[in-house]
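The block underneath contains the structure these notes are about, expressed in structure tokens.
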């Protein structure tokens, strides 16, 4: 398996070989600029980062004054023309192939050789079924709906009397809405394991399970996640697998939610774009399933969900709404509400070493899950951008040795959210 050191060294070597201006003619000494390059863009303001996101590039991650993107030579050229400093770091397709083992394939339905510690969709479903069978009193396994290709989107409830809808605060955890962010699915599976195997022996776990109803959706985008490891090779895939009329495939599920969908130039109308918002609000079945579940938790006119985290990777951030505006006090957000979201977010970030900030501090987005959960349901909601803080290809595909330390790293933050729920 490639270590992070080897991957970064490979990227550095590519950067040295490919450090030429986009569009410059190739010579015997200069290789052609890749049609999909991995670039770092210096963007030290939210406005600059938003302009990068709006340019049609594939934004991998953003932290501080650096945005990591995949772009064509023409896209990189337009960013330079806009006055941004753009540095080519590698050939994205070559980096994917290298990270996938450079031709050493695992079984076609599994992760690349060396990364089998990650769970495939089928392995995840089997794990959830085994957990529910081993802990029948405190778990209830079901599905919130089906993906475009017909896969169940499983949800597991964990509570001291899981078969009963008790008058206890409900908390939702969602993962893997973007296909290539597999570490997040492991995060949700870790939560399931921790709150079941630790029940009755771990005082903190026992108290939280006894006093809360915990819902976990480990994989919102099963079709995309399955496709991303197709052939035992990483594909770098982000969206779902729903066809578009122009022949392209995929909607960015985290730009397709109904609340202020497409309101603020924070998503793309181009089906080929990685942040394509879809033809209409909640046009993706996976998004409709999440929204229907949130709607179903309104009982007697009162939303039972009292807190939510949507796990992403990467950048090591704790983000809170809104993403569609830089304003803090705005339609749908009072100063008191904002201050509470900020306070809990900062507490969680202090526990895991992440950076805490409003979502739009990165760049403007619209139609995302967190804006929906707060805007439509007033559920205190956070986006966790997990490990690493930066890293190009390793940002999405950290070695499986990182699963345990990076999922347990968030235990304290999860407990803070659960204690503050309600």
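The values are calculated or read from the model by the stated rules, or taken from the named source; none is laboratory data. These figures come from a predicted structure and were not determined experimentally. When we count neighbours, we look across all protein chains shown, and the Cβ atoms used for this are built from the backbone with ideal geometry, even at glycine.
Here are a few things to note about the model shown:
- Hey, residue 325 touching a strand residue (DSSP E or B) at 6+ places or on another chain (Cβ under 7 Å) and under 20 Å from residue 252 (Cα atoms) or not: no
- Members of region 249-271 that are out of contact with any strand residue (DSSP E or B) (no Cβ under 8 Å at 6 or more places or on another chain) and either on the phi > 0 side of the Ramachandran plot or without any contact (Cβ under 8 Å) to a residue 60 or more places away in the chain (or both): 260, 262, 265, 271
- Residue tally, condition part of a helix (DSSP H, G or I) and either outside the structural domain of residue 297 (by TED's automatic domain parsing) or within 15 Å of the chain's Cα centre (by Cα) (or both), over region 352-392: 4
- For region 317-354, the tally of residues that are over 22 Å from residue 171 (Cβ atoms) and either surrounded by 17 or more Cβ atoms within 10 Å (Cβ to Cβ) or free of Cβ contacts under 8 Å to residues at least 40 places away in the same chain (or both) stands at 9.
- Filter result (in contact with a helix residue (DSSP H, G or I) (Cβ under 9 Å, 6 or more places away or on another chain), assigned to a loop (DSSP other than H, G, I, E, B) and under 15 Å from residue 370 (Cα atoms)) within region 247-276: 256, 257, 258, 259, 260, 261, 262, 266, 267
- Selection from region 175-230 of residues that are in a helix (DSSP H, G or I), farther than 26 Å from residue 388 by Cα and in contact with a helix residue (DSSP H, G or I) (Cβ under 8 Å, 6 or more places away or on another chain): 196, 204, 205, 208, 209
- Filtering region 80-91 to residues that are touching a residue at least 24 places away in the same chain (Cβ under 8 Å) and surrounded by fewer than 23 Cβ atoms within 10 Å (Cβ to Cβ) leaves 80, 82, 84, 85, 87, 88, 89.
- Residue 303 vs. criteria out of contact with any helix residue (DSSP H, G or I) (no Cβ under 9 Å at 6 or more places or on another chain), surrounded by fewer than 19 Cβ atoms within 10 Å (Cβ to Cβ), more than 30 Å from residue 55 (Cα to Cα) and assigned by TED's automatic domain parsing to the domain that holds residue 204: no
- Residue match in region 325-334 (condition: modelled with pLDDT of 95 or more, part of a strand (DSSP E or B) and more than 21 Å from the chain's Cα centre (by Cα)): yes
- Counting only helices (runs of 4 or more DSSP H) wholly contained in region 45-137, the ones carrying 2 or more residues that are closer than 26 Å to residue 189 by Cα occupy 92-99, 121-134.
- Considering the conditions (1) within 19 Å of residue 59 (Cα to Cα); (2) without any contact (Cβ under 8 Å) to a residue 40 or more places away in the chain; (3) buried (at least 24 other Cβ atoms within 10 Å of the Cβ), residue 358 is excluded by exactly one of them, (3).
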